[in-house]
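The values are calculated or read from the model by the stated rules, or taken from the named source; none is laboratory data. Source: prediction; values computed, not measured. Here Cβ is always computed from backbone atoms with ideal geometry, including for glycine, and neighbour counts include all displayed protein chains. Heads up: the accessible areas ignore ligands, DNA and RNA and are worked out on the full protein's heavy atoms, side chains in. Shrake-Rupley method; radii C 1.70, N 1.55, O 1.52, S 1.80 Å.
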Amino acid sequence: MITIKSITKFDKAHATVITIGTFDGVHIGHKKILERLINSAKLLEIESTVLTFFPHPRMVLQQDSNIKLLNTIEEKEMILSNLGLDFLIIHPFSKEFSRLSAIEFVRDILVNKLNTKKIIIGYDHRFGRNRNADINDLKNYGTTFDFNVEEITAQEIDDVSVSSTKIRKALAEGDVSKANSYLGYNYMLTGIVTKGKGLGRQLNFPTANIYIKEEYKLIPKNGVYVVKAKLNNSTVFGMMNIGYNPTVNGTEKTIEVNFFNFNDDLYGKKIQVDILERIRDEVKFDSINDLKVQLTKDQETATSLIAKL
């Protein structure tokens, strides 16, 4: 898959079958649509293409929006690449772009820039300035500009929106198993390992503190989780705490991972942590020793759950 960071950089020598959307989470509902896109492109012997935007339109048009996304751009790119897509176009979304009229968007972007021969799009898709054009307008433009429009049904669109809602709700409640079942893969956190306060090492449970720069990334409910990561080309399991470390009166939210049977230096490295299961809520213990006793129990619980995978 080739990722292109602007419509203007796309080589229109490539004819495309295209779909448009945020595809946040790239979950099982999205995958049905993307499989249709990829199969259609193969039949027509042209390029399967997703057009998406960043920042998310709501971040630009509703500046007070506290929207949280399931994927960072980097995570989305990785997942889409694994599906076999030909092109991912991530176009910078701006107020100026949002003011394109429907005819300008179709003629100047879809036809003249992206050489679109077929669009696979939801029945409820709206586009153009103030979102005043719908799929019927798009079909009419297709007749004018010689491209086909394939409509995604209400049921399929409902599957997508229901899945996204359920994933967000499940993560907010800490139900990672449910979220993962809708995603079709393990929910992930990707960030840089930074130095912490060293409390974990004092307790003989050294942790990698993960800093996620993307503030829009949805972080699951505070608590302790079973996780895994690919480190030095090996799969390493561990347990992760999301929260404020109330036992030591912590004031900042942190994401800390204790990897089992792993001692290499990770400082400064970017790692991806897959979240497998939730063990418990974050708790304020009466003493550091009580916390250490609980961490030992957490490790035993995590090891037992890992053995069943």
Completion exercise
GLU104 and ALA307 label points (each 7 Å along its Cα→Cβ direction) are spaced in nm at 6.5 nm
Handout entry: Sum of -39500 (n - 2.57) over DSSP H runs of 4+, divided by residues of the chain (222 nm, nearest 500)
Key = -9500 deg cm²/dmol
Exercise for the section: For mean projected area of the Cα convex hull in nm², several values are listed as [x] 16.3; [y] 17.4; [z] 19.2; flag the one computed from this structure. Expected result: [y]
Exercise for the section: Count the net charge of all other residues whose Cβ sits under 13 Å from the Cβ of LEU69, scoring Lys and Arg as +1 and Asp and Glu as -1. Expected result: 0
Problem - Restricting segment 130-226 to trypsin sites (Lys or Arg not before Pro) in coil, as DSSP defines it, with at most 13 other Cβ within 10 Å - result: LYS195, LYS213
Practice task
Mind scanning LYS9/LYS195; LYS118/LYS169; LYS217/LYS284; LYS32/LYS113; LYS113/LYS230; LYS117/LYS217 and naming the pairs with a C-alpha gap bigger than 29 Å?
Solution key: LYS9/LYS195; LYS118/LYS169; LYS113/LYS230; LYS117/LYS217
Completion exercise
Heavy-atom accessible area per residue of segment 1-161, all protein chains kept, 1.4 Å probe, expressed in Å², is 49 Å²
Completion exercise
Gyration tensor on Cα atoms of segment 186-305, a ≥ b ≥ c root eigenvalues, a/c under 1.5 rounded, else prolate if a/b beats b/c, else oblate, says rounded
Problem - Mean separation of Cα contacts under 8 Å (6+ apart) over length of segment 1-161, as relative contact order % - result: 30 percent
Exercise for the section: Order the peptides 303-309, 45-51 from the highest to the lowest mean number of other Cβ atoms within 10 Å of their residues. Expected result: 45-51, 303-309
Problem - Highest average packing first - 249-255, 108-114, Cβ atoms within 10 Å - result: 108-114, 249-255
Problem - Set of aspartates and glutamates near LYS5 by C-alpha distance (under 16 Å), chain-local residues within fewer than 8 positions excluded - result: GLU74, GLU75, GLU77, ASP86
Completion exercise
For GLU282, other-chain or 5+-apart residues with amide H closer than 5 Å (H placed, Pro excluded) are GLY223, VAL224
Problem - Cα-based reach from LYS228 at 17 Å (exclusive), listing lysines while leaving out same-chain residues under 8 positions away - result: LYS269, LYS270, LYS308
Practice task
Only Lys, Arg, Asp and Glu count, each charged at its Cβ (+1, +1, -1, -1), so figure out the dipole size of segment 186-305 about its Cα centre, rounded to 20 debye.
Solution key: 220 debye
Exercise for the section: Report the relative contact order of the chain, percent, no decimals, based on alpha-carbon pairs under 8 angstrom and at least 6 residues apart. Expected result: 16 percent
Practice task
Considering only DSSP beta bridges where both residues belong to the chain, give the percentage that are antiparallel (nearest 5).
Solution key: 60 percent
Completion exercise
Rounded to a whole %, the carbon-and-sulfur portion of the accessible area of the chain at a 1.4 Å probe is 48 percent
Completion exercise
For segment 204-269, dividing by residue count, accessible area per residue (probe 1.4 Å) in Å² works out to 51 Å²
Exercise for the section: State the extension gain, in nm to one decimal, for the chain segment bounded by ILE4 and ILE67, taking 0.36 nm per residue of separation less the distance between their alpha-carbons. Expected result: 20.3 nm
Handout entry: Cα-based shape type of segment 1-161, given that a ≥ b ≥ c are square roots of the gyration tensor eigenvalues and the cut on a/c is 1.5
Key = rounded
Completion exercise
About its Cα centre, the chain carries a charge dipole, from +1 on Lys and Arg Cβ atoms and -1 on Asp and Glu Cβ atoms, whose size in debye to the nearest 20 is 360 debye
Completion exercise
Distance in Å, no decimals, from the C-alpha centre of segment 209-256 to the one of segment 137-189 is 27 Å
